[in-house]
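Note sheet for the following structure.
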Amino acid sequence: MSAADVVTINPVNPAEPFLRTDRMPHIWCPGCGIGTTVNSFARALLDSQLPLDRVAVVSGIGCSGRVAGYLRLDSFHTTHGRAIPFATGLKLANPSLNVVVYSGDGDLSAIGGNHLIHAARRNMDIKVICVNNFIYAMTGGQSGPTTPLTATTSTSPYGAFEPSFNLPQLVDAAGAVYVARWTTFHVRQVARSMTEIMRKKGFCFIEILSPCPTLYERRNKLGEGLDTMKHYKEKSKIKNGAPTSEVGLSMRDEIVVGKFVDRERPDYMELLRKQMVAKLGDRYVEAEPMECACD
C-alpha cells in the first residue's frame, strides 16, 4: 500500500467541540436518551452554522436540565421551572442572541407550565427543547404532567389515573409557530428539526421522547433502554402536519411523531415595536442590546 492509499482517520467525535469534556463523565444513567439528544443538538449547531458566541442555552432543574452545564456555550442552569422566564429576559436584553431552553417535561410543563403557555402566547423568540421521559426522574420517579394513564411511578404505585398533557397540542393552542415531536430513535429528524428552529423566528417547541430505564422502564417492566428504542422504532408513525389534538400519548400504543406546526406570525418584539411606534411615533427609541462585560 502506498502512502497515497493511506486514509487518515480523525478520532474526534463531531459533537466533542461543543462539549465541556472536563465535566465528563456525565451523570446520566446507562440507556438514558438525553445524551443522544445532545449529540443531535451538536449536529444542528454544525448544520446551522450559527456563531457560537450568539447561542445561549438555558435549563431548569432535572436530568435534562444538566445539559446546559455540559455544553461549551454560554449557558445558565436556573431554578426549578424558571428556565423560560430567564430565557425571556435574556432575549429581551439582547435580541441578537439565539436563546435555547433545554429541559425536561416536569420542569417545563409542571412548575414551569404557566411560563410555557405564556411564552407561546407572546410568541417569544426562544427555542424550547423538551426531553420527555414521562416522570420526575432526578427526584425519584414521581408522576408528572406527561405520565401516561395506568403507568406505575413512585407516587402512583397502583397506576396513574390523572389525564396527561398532550404537549404539542398545548403549545399549538397557546400560539407556538413551530411544534414537532420525535423520539431518541429519530436522531436525524431531531437534528433536522433543531436546525430548523435555529433559523426560525418565534416560539418553537420540540418534544423528544426519551427512555428512563432506571425508574420509568424498570417500574413499568418495559425492559432496558434498548427495548424502549425498539419500541420507538416499531410504534412510531411519522405524520407531518397531523392535527395536534390527535397526537396524544398512551402507555404502549402508536406514537405519532413529526413536524405538526410550522407557521408565521409576528413575534413579541415585532408586536412591541409596532405598538410603541403607533403610540409614540418618533419619540420611540430602541435601547441598545446589553452585552456582558465580563471576561
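Yes/no per residue for (1) of a type outside the set (S, T, Y); (2) more than 27 Å from R181 (Cβ to Cβ); (3) at pLDDT below 95:
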position	(1), (2), (3)
S2	no, yes, yes
V6	yes, yes, yes
P11	yes, yes, yes
M24	yes, yes, yes
I27	yes, no, yes
A44	yes, no, no
L50	yes, no, yes
D53	yes, yes, yes
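Could you go through the stretch 138-161 and let me know if any residue there is part of a helix (DSSP H, G or I) and either modelled with pLDDT of 95 or more or in contact with an Asp or Glu (Cβ under 9 Å, 6 or more places away or on another chain) (or both). For the stretch 138-161, residues part of a helix (DSSP H, G or I) and either modelled with pLDDT of 95 or more or in contact with an Asp or Glu (Cβ under 9 Å, 6 or more places away or on another chain) (or both): absent. For R188, the criteria (1) open to solvent by 30 Å² or more (accessible area, probe 1.4 Å); (2) assigned to a loop (DSSP other than H, G, I, E, B); (3) within 30 Å of L52 (Cα to Cα); (4) modelled with pLDDT of 95 or more hold in every case but one, which is (2). Total residues in the stretch 147-173 satisfying the condition of being under 24 Å from R263 (Cβ atoms) and open to solvent by less than 20 Å² (accessible area, probe 1.4 Å): the figure is 3. Taking the stretch 28-127 and the helices (runs of 4 or more DSSP H) fully enclosed by it, the elements with 3 or more residues that are free of Cβ contacts under 8 Å to residues at least 60 places away in the same chain and among the hydrophobic types (A, V, I, L, M, F, W, C) are at 34-48, 83-93. Among the residues of the stretch 92-124, those that are buried (at least 24 other Cβ atoms within 10 Å of the Cβ) and charged (D, E, K, R) comprise D105, D107.
Among the residues examined, A176 does not qualify as in contact with a Leu (Cβ under 7 Å, 6 or more places away or on another chain) and of a type in the set (G, A, S). Within the stretch 128-146, the set of residues being polar (S, T, N, Q) and either open to solvent by 10 Å² or more (accessible area, probe 1.4 Å) or without any contact (Cβ under 8 Å) to a residue 60 or more places away in the chain (or both) comprises N133, T139, Q142, S143.
The values are calculated or read from the model by the stated rules, or taken from the named source; none is laboratory data. Quick caveat, the model's predicted, so the values are computed rather than measured. Here Cβ is always computed from backbone atoms with ideal geometry, including for glycine, and neighbour counts include all displayed protein chains. Note: accessible area is taken over every heavy atom of the protein model, side chains too, but ligands, DNA and RNA are not part of it. Shrake-Rupley method; radii C 1.70, N 1.55, O 1.52, S 1.80 Å.
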